[in-house]
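Here the structure is laid out as structure tokens; the discussion comes afterwards.
The values are calculated or read from the model by the stated rules, or taken from the named source; none is laboratory data. Just so it is clear, the model here is predicted, and its values are computed rather than measured. Neighbour counts run over all protein chains shown; Cβ positions are idealised from the backbone, glycine included.
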Amino acid sequence: MKQFCPLVLAIVFFASCGKSKTPNPFDPNAPKPTGPASRSASIGIVGDTTDVKTTTKGGLVIMGGGTDVDAAFKWMIARSGGGDVVIIRATGTDAYNPYVKKLGTVNSVETLQIDSRKLADDEGVARIIRNAEMLFIAGGDQADYVGYWKDTKVMAAINYLLTEKKVPVGGTSAGAAILGNYYFSAERGGIDSPEALANPYAQRIMLGKDDFLKAPFLQNVITDQHFSQRERQGRAAVFLGRIMQDWSKTPYGIAVDEKTAVCIDENGLAEVVGTNKAFFIQTDAAKKPETFEANKAVTWNRDGKAIPVSAIAAGSNNKFNMNTFEPQNTTGLEKFWWSIISGNWSQGARL
């Protein structure tokens, strides 16, 4: 029979009773399990956490807020090649995760809550965004997005997806408000049409340009959302007038109703999906506003033909060409003029 050294037995005994013992899960002092905390800003992920690479097609979605548009998400998912979907926001929950996951086959859906400049400059957060095959910017307050994300690694990562990796990128409500090269930042609060038309240089009208997102086909565009439902025609006209007056540009506007989205493909062809309408608004350098200065009501009339607008109904199968800024056909199309006299907006049909 073999003899065991008492010292060896003691070592074995203490080793078996030491820290390697499985913690009791009911012990309040037991170590807590680690979740996705190592993924900075992540508030939830569904699917496979292993990064995949798929073949993607670029595309943009401008969603008008309210109820999300399933067709727009399915359009983006198809362009993602079934890769990793990332939702970014500054407030809210991870409710988009199960919603997007059920609409199509994707590797994962993850929500990042980026609510500080520190997180927006975190390399781990930027890496998650760069690895995405689809990015969606949730609603909220665009002042948060401008304040937290502009001039950070997050901004650079979004622009990488837009201009180099070329994956589908979309946003709803506040998330759509920042997609254009020109944008209403809302850093001093929101503004409605009557207030904007009464004073186009009201303190709360804060516009940005050339310093945030670089979305293809939107480099001469400002967007607006919740459009007909909140009667934002007047403020949209004022935003366009400010761009013309302050920066000597001839801009376009894309305004989208609630429950509606504009999907722009890699060739610049846009379709309208959902329930209501999208509005494609032009300006003419030869038709600048007649009265447009601080503390005076706007007049932008030009014989009732100041601003030409094309409205396309969702589901009409009409395409709008972003290269020419003209509709391809007349299906589901209405054309009209906007004009403003002494702060009063009106609309007249175009023949």
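Tabulated data for the structure shown
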{"item": "Pair list, Cβ under 7 Å, 6 or more apart: the stretch 114-130 residue at negative phi, other residue among the hydroxyl-bearing types (Ser, Thr, Tyr) and modelled with pLDDT under 95", "result": "Leu119/Ser40; Asp122/Ser40; Gly124/Ser40; Val125/Ser40"}
{"item": "Selection count, the stretch 221-259, where residues are among the basic types (Lys, Arg) and in a loop (DSSP other than H, G, I, E, B)", "result": "4"}
{"item": "Selection from the stretch 269-285 of residues that are over 18 Å from the mean Cα position of the chain (by Cα), within 30 Å of Asp70 (Cα to Cα) and either part of a loop (DSSP other than H, G, I, E, B) or charged (D, E, K, R) (or both)", "result": "Thr275, Asn276, Lys277, Gln282"}
{"item": "Any strands (runs of 3 or more DSSP E) falling wholly within the stretch 286-344 and containing at least 1 residues that are touching an Asp or Glu at 6+ places or on another chain (Cβ under 7 Å) and buried (at least 18 other Cβ atoms within 10 Å of the Cβ)", "result": "307-313, 319-321"}
{"item": "Subset of the stretch 245-272 that is touching a Phe, Trp or Tyr at 6+ places or on another chain (Cβ under 7 Å) and under 18 Å from Leu162 (Cα atoms) - its residue that is surrounded by the fewest Cβ atoms within 10 Å (Cβ to Cβ)", "result": "Gly268"}
{"item": "Residues of the stretch 151-165 classified as in contact with a strand residue (DSSP E or B) (Cβ under 8 Å, 6 or more places away or on another chain) and either under 17 Å from Gln219 (Cβ atoms) or surrounded by fewer than 19 Cβ atoms within 10 Å (Cβ to Cβ) (or both), total", "result": "3"}
{"item": "Matching option when the condition is on the phi < 0 side of the Ramachandran plot and touching a residue at least 60 places away in the same chain (Cβ under 8 Å), among Gly190, Gly180", "result": "Gly180"}
{"item": "Looking only at the stretch 218-228, and only at residues there that are of a type outside the set (Ser, Thr, Tyr) and within 15 Å of Thr250 (Cα to Cα), the one that is surrounded by the most Cβ atoms within 10 Å (Cβ to Cβ)", "result": "Ile222"}
{"item": "Selection within the stretch 309-327 - under 21 Å from Gly348 (Cβ atoms) and among the polar types (S, T, N, Q)", "result": "Ser310"}
{"item": "Residue match in the stretch 166-180 (condition: surrounded by 20 or more Cβ atoms within 10 Å (Cβ to Cβ) and over 18 Å from Thr223 (Cβ atoms))", "result": "yes"}
{"item": "Unique residue being free of Cβ contacts under 8 Å to residues at least 60 places away in the same chain and among the small types (Gly, Ala, Ser) when the list is Ala278, Ala314", "result": "Ala314"}
